[in-house]
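To keep things clear, I will list the structure first and then write my remarks on it.
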Amino acid sequence: MSPDETRRRRSIYLLPNAFTTANLFAGFYAIVQSMNGRFEIAAIAIFLAMVFDGMDGRVARLTNTQSAFGEQYDSMSDMVSFGIAPALVMYEWALQDLGRWGWLAAFIYVVGAALRLARFNINIGVVDKRFFQGLPSPAAAALVAGLLWLSVDNKLLFSPAALTWLAFVFTVYAGVCMVSNAPFYSGKTFALGRSVPFWVILVVVAVFVFVSSDPPIVLFGLFVVYGLSGWGIMFWRWRRARELTRKRHSAAEEESTPEEPSLGTPGSYQSPELGGHSDRHAPPPPPAH
């Protein structure tokens, strides 16, 4: 690297790291509010942490202020906001009623988030940028926080026992999905530059209106669909690879099968009963009278 690039990677920039700090604060605030029994505010704080996490990287790229310090700081903040905070919030809300099964589910989520972030850090520049390998930790946090927010907002009519086991299933599912190999769309192909077309502003306004119509239902529904999309893409790739393999085998079998000589090809012999004759050894025609 050139001296300027080395200096840039060692520098500490205020603007992108300010968003990362806001992300970390929102995750810590969610933990504190869950200890105070204010679970709806805790869920909203996790969603705010997602917003700040999405902004710090884009701001760094737009202002050309990427640094190695920012990458490490962002990863540690994500571990708090999307790893520890959702697990503790879910444990305080419902999982503690399950005893050791509850804290085991919360630990599965925490270790899944840690492994997911570690694998993401070492695979930068290696995997396909269009897809994440495994469910991203912010989406996993939104999945469990959305369930909590929807339940506290009285949009899920389940008994307390059923809701507890539903929280257990969602927590374990999110933790396992983070360490899976299922491809989840990253959205990096829609990276925006310094200026955007007018229609992008209209789309952003439409998204805000759609989400604000009923935030708990809309956000939870969107992240449930996203949390299942990776398995759909994985199944589609498996079907496509299986079909291509079958076509290759069929083509190979056709090439390896020898072609049988045709009955009417020159130099072949046909039975007299069939009215044929050999072209090479046929007797000369009788003289004409």
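Every number here is computed from the coordinates shown, using simple stated rules; none is lab data. Just so we're clear, the structure is a prediction, and the values are computed from it rather than from any experiment. Neighbour counts are summed over all protein chains in view; Cβ atoms, including those assigned to glycine, are modelled from backbone coordinates with ideal geometry.
Which order do the peptides 39-47, 100-108, 15-23 come out in when sorted by mean C-beta neighbours inside 10 angstrom, highest first?
Values: 39-47: 22.4, 100-108: 17.2, 15-23: 19.9.
Top to bottom by mean Cβ count within 10 Å: 39-47, 15-23, 100-108.
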Handout entry: Per-residue HN-Hα couplings for the stretch 164-170 [Karplus 6.51, -1.76, 1.60; θ = phi - 60°; Hz; x = Gly/Pro]
Key = 5, 5, 5, 5, 4, 5, 5
Problem - Cut-off under 5 Å, modelled amide H: who pairs with Y13 long-range - result: none
Problem - Debye equation applied to the C-alpha atoms of the stretch 1-120, log10 I(q)/I(0) at 0.20 Å⁻¹ - result: -1.02
Handout entry: Förster radius 45 Å - calculated FRET efficiency between R58 and E254 (Cβ-Cβ, nearest 0.05)
Key = 0.30
Completion exercise
Total charge of the residues flanking N23 in space, meaning their Cβ is under 12 Å from its Cβ, with Lys and Arg +1 and Asp and Glu -1, is -4
Problem - Table column - 3J(HN,Hα) (Hz), the stretch 222-229, Karplus curve with 6.51, -1.76, 1.60, x for Gly and Pro - result: 4, 7, 5, 4, 5, x, 9, 5
Practice task
Could you go through the stretch 80-97 in sequence order and give the Karplus-derived ³J(HN,Hα) for each residue, using 6.51 cos²θ - 1.76 cosθ + 1.60 with θ = phi - 60°, rounded to whole Hz, and x for Gly and Pro?
Solution key: 6, 6, 10, x, 7, 4, x, 5, 5, 5, 5, 5, 5, 7, 9, 6, 5, 6
Fill in the blank from the handout: Any residue on another chain or 5+ positions along whose placed amide H is under 5 Å from the amide H of S180 is listed here as L135
Handout entry: Long-range Cα-Cα pairs in the stretch 39-182 (distance over 19 Å), rounded percent
Key = 52 percent
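Roughly speaking, what is the stretch gain from V225 to V196, that is 0.36 nm per residue apart minus the C-alpha to C-alpha distance, in nm to one decimal?
The V225-V196 span can extend by a further 7.7 nm.
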Exercise for the section: Name the long-range amide H neighbours of Y185: under 5 Å, sequence gap of 5 or more, or other chain; modelled H, no Pro or chain starts. Expected result: F132
